[in-house]
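The values are calculated or read from the model by the stated rules, or taken from the named source; none is laboratory data. Note that the structure is a prediction, hence the values are computed from the model and not measured. Don't worry about glycine lacking a Cβ; one is built from the backbone with ideal geometry, like all the others, and counts go over all protein chains shown.
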Amino acid sequence: MQPTILDRLAETIETRKHADADSSYVAKLLHSGHDKILKKIAEESAETLMASKDGDAQHVVRETADLWFHCLILLAYHGLTPADVLQELERREGVSGIVEKASRDAGEKG
């Protein structure tokens with residue numbers, strides 16, 4: 001099966017984990033630590049929300065791409081890949097959101 005753009009980006013991010021932070025944005029962000037990555041995701045989330053509020057579809061696409069890219073960096077930080085997220089989405093496919101949420105809530109209480 002041909003790798004998707006998410007797979008290719010994840011592979012690039014993985015190779016940049018040990019790169020020089022002066023030559024790679026990804027390396028710089030990863031070397032800056034968890035809090036910096038989380039802050040960047042919060043920033044990109046806010047920018048996505050504001051683009052949506054403005055109603056500019058192309059701006060929404062660009063900001064969502066930024067958000068997804070930074071989420072890929074977060075996944076790499078935790079040793080995860082897009083395949084892990086896709087597997088979870090497949091697990092949830094066809095399950096009511098209400099039922100799925102209730103099953104998570106029950107697991108947290110138990």
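Here are the numbers for this structure:
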read-out: Any pair with Cβ under 7 angstrom, 6 or more apart, that starts in region 1-16 at a residue that is under 15 Å from L75 (Cβ atoms) and ends at one that is surrounded by 12 or more Cβ atoms within 10 Å (Cβ to Cβ) and aromatic (F, W, Y); value: L9/F69
read-out: Looking only at region 41-80, and only at residues there that are among the polar types (S, T, N, Q) and farther than 20 Å from R8 by Cα, the one that is surrounded by the most Cβ atoms within 10 Å (Cβ to Cβ); value: T48
read-out: Test: T48 is within 13 Å of I73 (Cβ to Cβ) and modelled with pLDDT of 95 or more; value: no
read-out: Of all residues in region 1-40 being farther than 24 Å from Q87 by Cβ and of a type in the set (G, A, S), the one that is surrounded by the fewest Cβ atoms within 10 Å (Cβ to Cβ); value: S23
